[in-house]
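Working notes, structure below.
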Amino acid sequence: MPKFISIKKKINNFKKNKISVPGDKSLSIRFVLLSSLSSGKSTAYNLLKSDDVLSAIRNVKKLGIKVFLSKLKCEVYGKGLFNYKYRKNLVLDAGNSGTTARLLCSALIDAQYPIKIVGDRSLMKRDMSRIIKPLKLFGVKFKDNNGKLPIFIKGTKFTKPINYTENLGSAQCKSAVMIAALKTLGTTKIKSLPSRNHTELMFKNVLNVPIKLRYKKKYDLIEVKGKNEIQAFNYKIPGDISSAAFFIVLTLLSKNSKLLLKNVNINPSRIGIIKILKRMGAKIKFLNKKNYKGEMIGDIFVKSTKNLKAINLDSSQNSSVIDEFLLVFLVASKCKGVSSFEKLSELNKKESKRLDWGIKILKMMNVKVLKTKNNGIKIWGNNNSLPKKNYIIKNFLKDHRIFMLSAIAALSFGGNWKIYDPDSINTSFPGFIKTLNSLGAKIK
Ligand code: S3P
């Protein structure tokens, strides 16, 4: 791929009105890890073939699991919950993927040798203490670099169930504790701020793990009973709402456009972006809704919408829009009125400091934006096009979502944009530029 892409023209009147987005990243990584712990051959269809998922596959292969990946399907030959092949001096590289690094650690709680976990430049900056703390309670030993990678993890045969309160609203932390609980005899009790619930749904509806789920006002209460074995399974992975979100926002902000996004995961814990955009007045509908192994799946229909309204959002829904927040900021900058968002510190703990990036890009676009106390922001929207000027986006940690956000800003606001590191899209959405071009963008 080239070093950067150039976008000089807004997109209106899409050339086609129907697209599909690739498979859900969270479900794809969970499929790889959980099938690698199962007994027998598991098959996934429509697995996301992106670098993050390939990192998960590379690592389970290093742990002795056979994986066959073809155009149509992915087959994983699991050998059982406690049958990873541990070797001395094993190094596992999670690449850019926080989900792989954090969930993988929990699958290693029975490792008889210290295993080193590393990642790329971005992942090495991310906080691992959030999973080290609960995993230590199970009896696992860690050597870490002040809560960052590289970490060494050494497991034990004698893990103990724990009681744990998850206060970040992080599905990765919750899932890490759940996978460790699955490998620990006895009942682990988790009190967790709400976050995406794919692991709970897979445990309950796919793997028959004894699990109790109760949803209270502030916290979800989860109890997981450890097992000796889980059986192989098949899974059809639906499209990723986090990838769909770029196209939903592009459609909303472009003139005379409409778009149908087929077969997307619209699990209630993932659709914060849709709920928020609808409150802002966006014309969005779900069609053909169906339940698949507990996940809600459907088509999303969206139309360009004028006169969007500003919004004041409290933090209770932050986790359900955690990967799409910057797109919401972009829409807020086109709305009439002042929007406000609160408690966004988790955004600065992603692949790059996304809150800071969001503010930086809006400021470049002459949008008035203010950081408020408690890591909140206020955005003054104004419904105008951008002044014709040059925008250069170079994000040295190569954050895929910052690249894709910038492309959507360029195509919906205009101006002359040079956006570096297009190959960052390989992390989550390798066909992103191709899909934009199929709608009429002319990106080389
Ligand atoms: C993910 C959870 C989220 C999200 C990430 C994928 C998952 O992270 O940002 O892209 O698959 O569990 P946190 O749960 O840490 O917020």
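A few comments on the model shown:
- Percent RCO, i.e. relative contact order, over the stretch 89-215, from Cα pairs under 8 Å lying at least 6 residues apart: 23 percent
- Listed peptides 164-173, 263-272 appear in the order 263-272, 164-173 once ranked by packing, highest mean of other Cβ atoms within 10 Å at the front.
- Computed over the stretch 76-140, the ratio Rg/Rh where both radii use C-alpha atoms and Rh is Kirkwood: 0.96
- Loop-located trypsin sites (Lys or Arg not before Pro) across the stretch 223-262 with a Cβ neighbour count of 15 or fewer within 10 Å are K255, with loop assigned by DSSP.
- For the stretch 200-287, the alpha carbon convex hull comes to 123 Å³ per residue, rounded to a whole number.
- Nearest-20 debye value, the stretch 89-155 charge dipole, Cβ charges on Lys, Arg, Asp, Glu: 240 debye
- Backbone HN-Hα couplings from phi across the stretch 296-308 [Karplus 6.51/-1.76/1.60, Hz, Gly and Pro as x]: 8, 10, x, 9, 10, 10, 9, 10, 3, 10, 8, 6, 6
- Compactness of the stretch 217-342, taken as the C-alpha radius of gyration over 2.2 N^0.38 Å, stands at 1.22.
- Whole-Å distance, taken between Cα centres, linking the stretch 168-207 and the stretch 136-165: 16 Å
- Calculated diffusion of the stretch 138-289, Stokes-Einstein form, Kirkwood radius summed over Cα pairs, 37 °C and 0.692 mPa s, µm²/s: 181 µm²/s
- The distance from the alpha carbon centre of the stretch 256-293 to that of the stretch 233-249 is 11 Å, rounded to a whole number.
- Isotropically averaged projected area of the stretch 1-130, using the convex hull of Cα atoms (one quarter of hull area), nm²: 11.0 nm²
- Its Cα centre serving as origin, the chain has a Cβ charge dipole (Lys and Arg +1, Asp and Glu -1) of approximately 760 debye.
- Reduced Cα scattering model of the chain, Debye log10 I(q)/I(0), q = 0.09, 0.10, 0.12 Å⁻¹: -0.56, -0.69, -1.00
- If only the Cβ of Lys and Arg carry +1 and only the Cβ of Asp and Glu carry -1, the dipole of the stretch 278-408 around its Cα centre is close to 460 debye.
- Rg and Dmax of the stretch 23-73, Cα atoms only, in Å: 9.9, 26
- Based on the reciprocal of the average 1/r between different C-alpha atoms, the Kirkwood radius for the stretch 365-436 equals 13.8 Å.
- The packing ranking of peptides 312-322, 207-217, 434-444, highest mean first, is 312-322, 434-444, 207-217, where packing means the average number of other beta carbon atoms within 10 angstrom of each residue.
- Total formal charge among the other residues, if their Cβ is under 9 angstrom from that of L252, Lys/Arg +1 and Asp/Glu -1: +3
- Between Y164 and K189, I190, K191, the built amide H atoms are under 5 Å apart, and every one of these is 5 or more places off in sequence or on another chain.
- Using the average count of surrounding beta-carbon atoms within 10 Å as a protection proxy, the listed peptides 104-117, 289-302 rank, highest first, as 104-117, 289-302.
- Cleavage-rule hits, chymotrypsin sites (Phe, Trp or Tyr not before Pro), the stretch 1-97, DSSP coil, Cβ neighbours within 10 Å at most 14: F82
- Distance distribution note for the stretch 320-430: the fraction of Cα pairs above 17 angstrom is 52%.
- Over the chain, relative contact order from alpha-carbon pairs under 8 Å, at least 6 apart, %: 18 percent
- Selection from P210, I153, I271 lying farthest towards where the dipole of the chain points positive, charges on Cβ: I271
- Separation of alpha-carbon centers, the stretch 324-348 and the stretch 388-444, rounded to whole Å: 19 Å
- Rg/Rh ratio calculated on Cα atoms of the stretch 100-187 (Kirkwood radius): 0.94
- For the residue pairs K88/K143; K62/K225; K16/K442; K3/K444; K25/K143; K133/K204, alpha carbon separations beyond 21 Å are given by K62/K225; K25/K143; K133/K204.
- Our estimate of slack between N383 and K343, defined as 0.36 nm per intervening residue step minus the Cα-Cα distance, is 11.8 nm.
- Cβ-based charge dipole, the stretch 181-257, positive-most Cα from A232, L253, P194: P194
Every number in this text was worked out from the coordinates using simple rules, so none of it is lab data. This one's a predicted model, so the numbers in the text were calculated from it and none came from an experiment. Here Cβ is always computed from backbone atoms with ideal geometry, including for glycine, and neighbour counts include all displayed protein chains.
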